[in-house]
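Asks: Input: one structure, supplied below.
The values are calculated or read from the model by the stated rules, or taken from the named source; none is laboratory data. Nothing here was measured: the structure is a model prediction, and the numbers come from that model. In this analysis, Cβ positions are derived from the backbone assuming ideal geometry, glycine residues included, and neighbour counts consider all displayed protein chains.
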Amino acid sequence: MLKKIIAYKFIVASLLLSLSFLDTAFASSDEDGDLDLGAAAPQIGGIPVNDEADGDAAAAAFAMPYFDIKENYASPKTDTGFKHLFSRDAPTSLAISFLNAVVPEFATTPVQSLEELSEALPLLRRKGERQAFMDYHVRTADGKHIVVEMQVKRHVAFDERALFYAASTYSQQISKKTLGNKGWYEGLHPVYAVQIIDYDTNRVKGITADIDDLLVDRVKAHPMQEGEFIKHYKMTDQRSGQTIDHLQMIQLELPRIQQQLFSSKRSEYKHFTEFQWWMSLFVHSDKYTKKRVKRRWKDMPASIKEAFKRLDMSQWESDLKEAYVADVKDLNAYRAVIEAERAAERSIIEATHKRKAEAEKKETVTKMIADGLPKKKIKEYTGMKIREIKRMKKELKDASKRADESASSED
């Protein structure tokens with residue numbers, strides 16, 4: 001009996017611990033989702049930051065109204081912010097700095113000059129034909145093409161769409177007229193497709209659509225490791241490991257960046273590389289105020305200074321500000337919907353776990369009653385009320401009686 005009592009104590013303690021931590025666990029855990037809506041990816045327009053050294057008051061609101069954001073720095077994660085940052089009237093030094101920082105091969109053979117090209121696919125639209133438009137398309141002096149996409153909202157087959165953009169850009173290097181020439185393929189140059197993504201692919205769980213969400217299977221088979229936030233796709237021979245470098249995709253997943261990229265300590269940010277400055281700009285642009293930028297100004301590379309000038313909304317025309325505000329509202333509404341869906345899912349999972357824990361608890365009490373433990377001891381071990389224990393005991397007794405009567409009638 002003593003061994004059974006000790007065993008019961010262990011089982012019940014585990015059950016009670018499970019029940020007591022359910023609320024806490026589901027309130028604080030990151031459930032799988034298409035977007036990381038926690039601290040790593042606050043709503044655009046919000047500035048939840050504690051920067052004591054700067055002395056600025058941290059903003060409390062997530063969805064900031066127009067008059068709160070119009071004099072701050074725009075987020076390059078919005079359509080308006082991104083396109084203004086790298087628009088045709090922007091210095092090409094901005095894009096050169098960014099691409100040299102994020103494309104691995106450019107670290108050893110840096111881009112020196114760029115020519116901005118059409119974002120349309122196909123370049124010329126025939127009657128009845130639809131065109132797709134990329135975010136940014138440039139060509140280097142030696143003929144390399146780079147396509148850059150900023151993606152906040154996840155959708156099915158985004159990787160496949162990005163590959164289509166890259167492949168189409170590769171094929172459009174050769175005109176129909178050139179295809180008839182001998183050695184036409186000698187004019188093909190590498191294409192680099194860079195995607196800046198504002199969601200963590202490790203956390204995706206699938207989107208209901210007319211086609212399969214293939215990203216889910218890719219992630220299950222090969223999840224990114226802790227601390228990783230860059231994917232680099234090349235055509236690679238599975239046997240020899242040889243690569244064909246003419247078509248590459250580079251993806252940067254902003255919510256997965258774990259580095260401290262918004263520090264109030266000069267001893268930390270003065271050592272930022274150009275790549276870290278660019279990531280800080282994309283991840284934390286909403287946290288930068290005029291005062292904070294001024295304090296960091298002498299430690300910033302020239303390209304980052306120019307980027308902040310481009311994103312300074314106090315210098316924007318009113319129509320550009322209005323477009324940015326519309327972007328902010330749209331993205332915040334989207335994230336609110338995703339968060340509501342995740343909250344509903346957490347509630348369902350929590351209820352399921354509670355039902356399972358209660359069922360296991362009743363099973364344990366049933367065994368205690370069958371072993372003849374006193375009601376007070378059962379209450380002491382499980383926390384179940386005496387009247388509930390009495391009810392269960394009566395139900396067990398009645399069930400046993402019915403079983404005996406049924407067995408007697410069969411005899």
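Asks: Restricting attention to segment 178-219, which residues are part of a helix (DSSP H, G or I) and acidic (Asp, Glu)?
Replies: Result: Glu186, Asp217.
Asks: Next up: Is it the case that some residue within segment 181-196 is touching a Lys or Arg at 6+ places or on another chain (Cβ under 8 Å), among the aliphatic types (A, V, I, L, M) and closer than 29 Å to Gln260 by Cα?
Replies: yes
Asks: Now for a different question. Output yes when any residue across segment 93-115 is at pLDDT below 90, touching a helix residue (DSSP H, G or I) at 6+ places or on another chain (Cβ under 7 Å) and of a type outside the set (Asp, Glu), and no when none is.
Replies: no
Asks: Which of the residues that make up segment 269-313 are among the acidic types (Asp, Glu) and within 25 Å of Val325 (Cβ to Cβ)? Working first, answer last.
Replies: Step one: of segment 269-313, the residues among the acidic types (Asp, Glu) are 274, 286, 299, 306, 312.
The answer is Asp286, Glu306, Asp312.
Asks: Which one of these is under 30 Å from Ser285 (Cα atoms) and under 38 Å from the mean Cα position of the chain (by Cα): Ala359, Ala344, Ala333? Steps first, answer last, please.
Replies: On the way: Ala359 fails: under 30 Å from Ser285 (Cα atoms); Ala344 fails: under 30 Å from Ser285 (Cα atoms).
Only one candidate qualifies: Ala333.
Asks: Here's something else I'd like to know. Which pairs have Cβ atoms under 9 Å, sit 6 or more apart or on different chains, and link a residue in segment 130-150 that is at pLDDT below 90 to one that is among the acidic types (Asp, Glu) and not in a strand (DSSP E or B)?
Replies: Cβ pairs passing all conditions: Ala132/Glu119; Phe133/Glu119; Met134/Glu119; Asp135/Asp79; Asp135/Glu119; Tyr136/Glu119.
Asks: Now for a separate question. Which one is surrounded by the most Cβ atoms within 10 Å (Cβ to Cβ), of the residues in segment 249-276 that are among the β-branched types (Val, Ile, Thr) and either in a loop (DSSP other than H, G, I, E, B) or at pLDDT below 95 (or both)?
Replies: Taking segment 249-276 and keeping what is among the β-branched types (Val, Ile, Thr), we get 250, 257, 273.
Narrowing the set further to residues that are either in a loop (DSSP other than H, G, I, E, B) or at pLDDT below 95 (or both) leaves 257, 273.
Numbers: Ile257: 20, Thr273: 10.
Selected residue: Ile257.
Asks: Any chance you could count how many residues in segment 294-317 are of a type outside the set (D, E, K, R) and farther than 14 Å from Ser97 by Cα?
Replies: From segment 294-317, those of a type outside the set (D, E, K, R) are 297, 300-304, 307-308, 311, 313-316; that's our starting set.
Restricting the remaining residues to those that are farther than 14 Å from Ser97 by Cα gives 297, 311, 313-316.
Qualifying residue count for the region: 6.
Asks: Right, another one. Hey, can you tell me all the residues within segment 372-409 that are among the aliphatic types (A, V, I, L, M) and part of a helix (DSSP H, G or I)?
Replies: Filtering segment 372-409 down to residues among the aliphatic types (A, V, I, L, M) leaves 373, 378, 384, 386, 389, 392, 396, 399, 403, 407.
Those that are among the aliphatic types (A, V, I, L, M) and part of a helix (DSSP H, G or I): Ile378, Ile386, Ile389, Met392, Leu396, Ala399, Ala403, Ala407.
Asks: Further question: Take Thr364 and decide whether it is surrounded by 15 or more Cβ atoms within 10 Å (Cβ to Cβ) and closer than 30 Å to Lys394 by Cβ. Steps first, please.
Replies: Numbers: surrounded by 15 or more Cβ atoms within 10 Å (Cβ to Cβ): yes; closer than 30 Å to Lys394 by Cβ: yes.
Spelling it out, Thr364 is indeed surrounded by 15 or more Cβ atoms within 10 Å (Cβ to Cβ) and closer than 30 Å to Lys394 by Cβ.
Asks: Can you tell me which residue within segment 172-195, out of those that are of a type in the set (Gly, Ala, Ser), surrounded by 12 or more Cβ atoms within 10 Å (Cβ to Cβ) and over 26 Å from Phe82 (Cα atoms), is modelled with the highest pLDDT?
Replies: So in segment 172-195, the residues of a type in the set (Gly, Ala, Ser) come out as 175, 180, 183, 187, 193.
If we keep only those that are surrounded by 12 or more Cβ atoms within 10 Å (Cβ to Cβ) as well, we get 175, 187, 193.
When the remaining residues are screened for being over 26 Å from Phe82 (Cα atoms), the result is 175, 187.
Numbers: Ser175: 81, Gly187: 86.
Looking at residues that are of a type in the set (Gly, Ala, Ser), surrounded by 12 or more Cβ atoms within 10 Å (Cβ to Cβ) and over 26 Å from Phe82 (Cα atoms), I get Gly187.
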